[in-house]
Amino acid sequence: MKVAIFARGELTDDLLRWATQIGVDCIDDPPIPGMREQGYPDMEKLLKLERRVRSWGLRINRVTLPSTNNFMLGQPGGEEEIDNICKTIKDLGEARIPIGRPNFITETPPVFSTHSAEHRGGYTMRGFNLDLRKGKLKDAPPDDKITPEEFWKRCKEIYRNIVPVAEESGVKLALHPSDPPLPEAPFSSLGYHRVLDLFPSDHNGLLYCVGTRHEAGGTQLVLDEISNFGRKGKIFEVHFRNVRGNLSTAGGFEEVLLDDGDMNMFTIIQALSNVGFDGALNPDHMPLLTSDSKDRRMAWSYSVGYVKALLAALGTLP
């Protein structure tokens with residue numbers, strides 16, 4: 001298994017040097033040249049970026065695919081979005097970037113966070129409570145722009161277009177679960193399964209977030225899903241984070257640092273190892289720590305070191 005971190009800001013030599021120093025293996029979601037300007041990569045600049053990242057002993061592991069908002073809402077420009085996604089997947093394949101993350105509107109339900117929760121030493125992270133959510137929705141009702149039926153009709157159309165391109169390009173499509181994992185959210189438990197069932201392909205799988213899935217039902221749910229999805233080869237990457245509480249038994253949850261929550265993260269890594277997972281673990285959702293810089297480097301350094309120690313203990317370092 002490998003360790004990845006986000007690098008959504010500029011990929012400076014300083015950032016790449018620091019990532020190499022703390023033991024990172026690969027980079028997720030760097031800014032891709034051309035995506036903002038034309039909706040798909042500038043191939044020449046992308047190849048140059050990929051070579052520069054490799055020069056530091058790192059790899060670009062995953063890129064979020066272009067927006068599908070216009071297509072999902074039935075607005076002008078939707079067909080162009082599909083073309084841009086297909087172009088991007090082809091470019092990722094040419095640049096040897098293995099994973100693309102589909103990008104759907106309403107993947108995250110209204111009210112992502114209800115409060116900030118304080119933990120040991122005063123560090124704070126996102127909290128979510130169903131009762132507090134009701135109050136927030138009462139004060140600011142969501143603007144339901146698309147019905148569930150319309151969502152799935154258009155979601156299936158997107159996958160019908162992009163799965164064959166992913167197969168031809170050698171790129172894996174990794175879908176993230178809805179967070180928070182409310183029953184009505186499209187990619188909670190049933191929807192997460194549905195995408196895999198509708199489009200069976202070795203290139204259609206999951207960006208499996210252990211934190212989000214624990215939010216849905218606790219540690220046993222996470223272990224059961226790792227066994228199920230992992231044995232089918234459907235886990236392409238893992239968001240590796242810890243939480244306290246879950247929606248099914250506590251009516252809410254709080255994000256915490258890796259060693260400070262309900263899950264035994266070594267057990268999670270063991271479960272992933274048992275199903276043959278050899279992809280990247282990304283310890284995402286970092287707090288600011290005391291004297292930390294705005295890019296959360298202290299928290300990232302701690303988290304990457306923690307994950308590397310767990311992998312070393314299990315004997316699964318790359």
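The values are calculated or read from the model by the stated rules, or taken from the named source; none is laboratory data. What you see is a predicted model, and the numbers here were worked out from it, not measured in a lab. When we count neighbours, we look across all protein chains shown, and the Cβ atoms used for this are built from the backbone with ideal geometry, even at glycine.
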### Message
Restricting to the stretch 43-63, and then to whatever is part of a strand (DSSP E or B) and either β-branched (V, I, T) or more than 27 Å from V3 (Cβ to Cβ) (or both), can you tell me which residue is nearest to the chain's Cα centre (by Cα)?
### Response
V63
### Residue, modelled with the lowest pLDDT, within the stretch 64-110, restricted to residues that are part of a loop (DSSP other than H, G, I, E, B) and in contact with a strand residue (DSSP E or B) (Cβ under 8 Å, 6 or more places away or on another chain)
N103
### Task
Out of the residues in the stretch 1-42 that are of a type in the set (S, T, Y) and in a loop (DSSP other than H, G, I, E, B), state the one that is farthest from I99 (Cα to Cα).
T12
### Query
Taking into account only those residues within the stretch 15-49 that are of a type in the set (D, E) and buried (at least 19 other Cβ atoms within 10 Å of the Cβ), which is nearest to G93 (Cα to Cα)?
D28
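Report yes if some residue within the stretch 90-108 is under 21 Å from N242 (Cβ atoms) and either surrounded by fewer than 20 Cβ atoms within 10 Å (Cβ to Cβ) or among the basic types (K, R) (or both); otherwise report no.
So far as the stretch 90-108 goes, yes, one or more of its residues are under 21 Å from N242 (Cβ atoms) and either surrounded by fewer than 20 Cβ atoms within 10 Å (Cβ to Cβ) or among the basic types (K, R) (or both).
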### Task
State the number of residues belonging to the stretch 122-158 that are among the charged types (D, E, K, R), surrounded by 12 or more Cβ atoms within 10 Å (Cβ to Cβ) and part of a loop (DSSP other than H, G, I, E, B).
1
### Query
With respect to the numbered conditions (1) assigned to a loop (DSSP other than H, G, I, E, B); (2) within 17 Å of the chain's Cα centre (by Cα); (3) among the polar types (S, T, N, Q), which one is the sole condition not fulfilled by S293?
(2)
### Query
How many residues are in a helix (DSSP H, G or I) and hydrophobic (A, V, I, L, M, F, W, C) if we restrict to the stretch 178-200?
4
### Task
Would you tally the residues in the stretch 159-177 being part of a loop (DSSP other than H, G, I, E, B) and surrounded by 23 or more Cβ atoms within 10 Å (Cβ to Cβ)?
2
